[in-house]
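A short write-up of the structure that comes next.
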């Protein structure tokens, strides 16, 4: 049986809807943020998320060195912010990315997006390197639920609002 090609896999994954998140970090290694759709729950005891970060991103090392991250799930109307954080930027451009929204802090010091549907403030418990990505297991220290009643998903290579 022939192996699935990289492009076949990418095209199939485009049909798997996923929440749009901006994952942030801050600490001794510096400020960072990326748009990520590969986030899911692992367990509720202890509360843990799985977050996949591209190993080719210059920010990958920031997350590992800081040891903390915050997953901020986006709401409709935040598509431009998602696009801004999806680009590959030099460190000097990071402050510019963050300047387009209002941010707060919970317990880890990672930026928490005001207006996110929900934010999960986490400490990195383990990282597994697999192919092109770092698979991060992040234990949730704090949660902030936003007022937004609708979420934002990425499906078929485009943004779509979801919910009531």
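The values are calculated or read from the model by the stated rules, or taken from the named source; none is laboratory data. Only a predicted model underlies this, so the values are computations on that prediction, with no experimental measurement involved. Glycine also receives a Cβ, built like all others from the backbone with ideal geometry; neighbour counts cover every protein chain displayed.
The table below lists the values:
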item: Enumeration of residues in segment 117-126 that are crowded, with 17+ Cβ neighbours inside 10 Å and in contact (Cβ under 8 Å) with a residue 60 or more places away in the chain; result: 120, 122, 124
item: Criterion (surrounded by fewer than 17 Cβ atoms within 10 Å (Cβ to Cβ), more than 12 Å from residue 138 (Cβ to Cβ) and at pLDDT 95 or above) met by exactly one of 15, 6, 61; result: 61
item: Residue pairs meeting the criteria (Cβ under 6 Å; at least 6 apart or on separate chains; first free of Cβ contacts under 8 Å to residues at least 12 places away in the same chain, in segment 92-106; second part of a strand (DSSP E or B) and surrounded by fewer than 13 Cβ atoms within 10 Å (Cβ to Cβ)); result: none
item: Qualifying strands (runs of 3 or more DSSP E) (wholly inside segment 9-120; at least 1 residues being under 29 Å from residue 156 (Cβ atoms) and touching a helix residue (DSSP H, G or I) at 6+ places or on another chain (Cβ under 8 Å)); result: 21-25, 32-36, 47-54, 68-73
item: So residue 46, is it surrounded by fewer than 16 Cβ atoms within 10 Å (Cβ to Cβ), touching a strand residue (DSSP E or B) at 6+ places or on another chain (Cβ under 7 Å) and under 20 Å from residue 144 (Cα atoms); result: yes
item: Condition met for residue 144 (free of Cβ contacts under 8 Å to residues at least 60 places away in the same chain and either under 21 Å from residue 48 (Cβ atoms) or in contact with a helix residue (DSSP H, G or I) (Cβ under 7 Å, 6 or more places away or on another chain) (or both)); result: yes
item: Condition check for residue 137: crowded, with 18+ Cβ neighbours inside 10 Å and farther than 14 Å from residue 19 by Cα; result: no
